[in-house]
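Each remark here refers to the structure printed beneath this line.
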Amino acid sequence: MIILGFESSCDETGVALVCTERGLLSHALHTQVAMHAAYGGVVPELASRDHVRRVVPLTRTVLLQAGLNLTDVDAVAYTAGPGLAGALLVGASVAQSIAWSLNLPAIPIHHLEGHLLSPRMVDPCPEFPFVALLVSGGHTQLMRVDDVGAYILLGETLDDAAGEAFDKTAKLLGLGYPGGPALARLAEQGDPERIVLPRPMLHSHNLDFSFSGLKTAVLTRLRDVQALHGPVTESMQADLAAATQAAIVDVLVAKSVSALEQTGLTRLVVSGGVGANRLLRERLAQRLAKKRAQVFFPPLEFCTDNGAMIAFAAAQRVSRGLVDLRAPRSHGFDVRPRWDLASI
Ligand code: ATP
Ligand code: MG
Ligand code: FE
């Protein structure tokens with residue numbers, strides 16, 4: 001069965017073709033990062049309009065790459081939420097229109113389920129059950145995953161997401177938007193021990209997180225440094241970046257290890273944009289090797305938003321009989337800007 005998938009929940013337009021038997025056939029992505037950078041954050045109305053501009057050309061590209069026609073497609077999947085309402089509506093209306101016109105099933109997918117299952121796109125594929133560490137721009141959660149669609153929330157951030165902490169600190173350091181990857185690059189040149197930042201909720205005895213205090217701590221240190229030494233030098237900036245990254249990674253690693261201990265599971269699956277972070281990957285690999293546990297990551301290109309993970313999540317649902325494969329009746333476009341993953 002061939003599934004055409006659409007992602008448009010935020011600032012990436014992603015389209016992909018996945019075959020339930022053969023896996024990923026083709027995918028294409030357009031990121032709006034450059035467009036929003038001038039505003040220091042995502043402008044929802046601009047995001048929606050850009051999805052409209054990109055979605056049809058990207059669909060043509062993936063069909064061409066796979067050597068297929070629209071009539072070869074057996075089902076259409078789309079991100080139904082959570083995300084920006086207007087942005088979600090673009091993917092949902094295009095996907096549902098194609099489904100109606102070709103009499104195909106339309107499969108709504110939870111964006112975080114897309115992230116969560118993405119490490120299963122490649123070999124070695126993590127078997128169920130596993131603990132998932134979902135670390136993206138909008139979410140930081142630990143989940144127990146017993147199967148496709150069987151998700152139990154173990155803990156989550158009480159305020160900012162890990163990616164948000166990277167981005168907001170990067171902004172304080174003048175690294176632009178979204179500064180997470182830039183902060184990680186700068187941290188490579190810094191000393192993570194020159195400035196020590198707090199590890200929020202490290203000893204909270206639960207699996208929740210809190211990252212909003214970190215940016216305030218960085219701001220305070222930044223002001224201290226400026227008062228004592230004048231303008232912040234490049235090396236001090238790199239030290240602050242390294243200290244921030246170390247604090248975030250320490251907490252993520254410690255809580256992931258606790259989640260494995262509490263559940264008695266031996267597989268950890270990491271997904272979401274922060275899953276691209278090199279230090280996080282290294283630290284988790286080291287810690288889990290000692291505990292004889294395994295850690296799995298999606299390929300770097302599928303850590304941040306993409307269409308492949310949406311089409312792939314739909315394929316996993318179809319293979320397990322979790323999808324209503326009757327063609328949809330016209331009842332309007334259904335998106336859920338706020339939507340709890342554990343509820344599905
Ligand atoms: P959500 O999925 O929660 O709706 P999102 O889709 O915006 O949020 P993703 O696309 O999964 O989030 O990830 C984007 C986030 O990942 C940004 O906050 C970005 O700074 C962060 N990020 C990307 N690469 C890295 C890296 N190498 N190190 C740290 N953070 C990174
Ligand atoms: Mg994005
Ligand atoms: Fe995402």
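FYI, it's all coordinate maths here, none of it is from the lab. This is a predicted model, so every value here is computed, not measured. Note that each Cβ is placed from the backbone with ideal geometry, even for glycine, and that neighbours are counted across all protein chains shown.
Observations on the model:
- Based on Cα contacts under 8 Å between residues 6+ apart, the chain shows a relative contact order of 25 percent.
- As a proxy for reagent exposure, ranking Phe297, Phe211, Phe333, Phe128 by other Cβ atoms within 10 Å from fewest up yields Phe128, Phe333, Phe297, Phe211.
- Considering only Arg317, Arg221, Arg281, the mean-square fluctuation computed in a Gaussian network model of the chain, springs between alpha carbons under 10 angstrom, is largest for Arg221.
- Amide H partners (placed H, <5 Å) of Phe296, local residues excluded: Leu268, Val269, Val270
- Amide H contacts of Leu24 (H built 1.01 Å from N, under 5 Å, at least 5 apart or other chain): Cys19
- Here the 3J(HN,Hα) profile of the stretch 263-269, calculated from phi with Karplus coefficients 6.51, -1.76 and 1.60 at θ = phi - 60°, is 8, x, 8, 10, 10, 10, 10 Hz, Gly and Pro shown as x.
- Per-residue Karplus couplings for the stretch 18-30, computed as 6.51 cos²θ - 1.76 cosθ + 1.60 with θ equal to phi - 60°, are listed in order as 10, 9, 4, 8, 9, x, 5, 9, 6, 7, 9, 9, 10 Hz, Gly and Pro entered as x.
- Alpha-carbon centroid distance for the pair the stretch 182-261 / the stretch 68-106, whole angstrom: 41 Å
- If R0 is taken as 25 Å, the Cβ-Cβ distance between Thr220 and Arg185 corresponds to a FRET efficiency of 0.55.
- Residue order, fewest to most surrounding Cβ atoms within 10 angstrom, among Lys168, Lys215: Lys215, Lys168
- Residue-by-residue Karplus 3J(HN,Hα) for the stretch 59-64, coefficients 6.51, -1.76, 1.60, Hz, glycine and proline x: 5, 4, 4, 5, 5, 4
- Relative contact order (percent, whole number), the stretch 128-297, Cα cutoff 8 Å, 6+ residue spacing: 27 percent
- Helical content of the chain, expressed as a calculated mean residue ellipticity at 222 nm, amounts to -13500 deg cm²/dmol (DSSP H runs of 4 or more residues, -39,500 (n - 2.57) each, divided by residue number, nearest 500).
- Placing pseudo-labels 7 Å out from each Cα toward the beta carbon at Ala38 and Arg53 gives an inter-label distance of 1.0 nm.
- FRET efficiency, 1/(1 + (r/R0)^6) with R0 35 Å, evaluated for Leu64 and Asp324 via beta carbons: 0.70
- Label zone of Glu234 (point 7 Å out along Cα→Cβ, amide N under 19 Å): in the stretch 182-215 this covers 182-192.
- Each residue in Leu24, Leu88 was given a count of other beta-carbon atoms within 10 angstrom of its own, and listing them fewest first yields Leu24, Leu88.
- Radius of gyration and maximum dimension Dmax of the chain, Cα, Å: 20.6, 69
- Spin-label pair Glu193/Thr263, simplified geometry with 7 Å Cα→Cβ offset, distance in nm: 3.4 nm
- Among Val94, Val274, Val18, the largest mean-square fluctuation in a Gaussian network model of the chain, built with springs joining Cα atoms closer than 10 Å, belongs to Val94.
- Ser212/Arg278 FRET efficiency (R0 35 Å; Cβ-Cβ; nearest 0.05): 0.90
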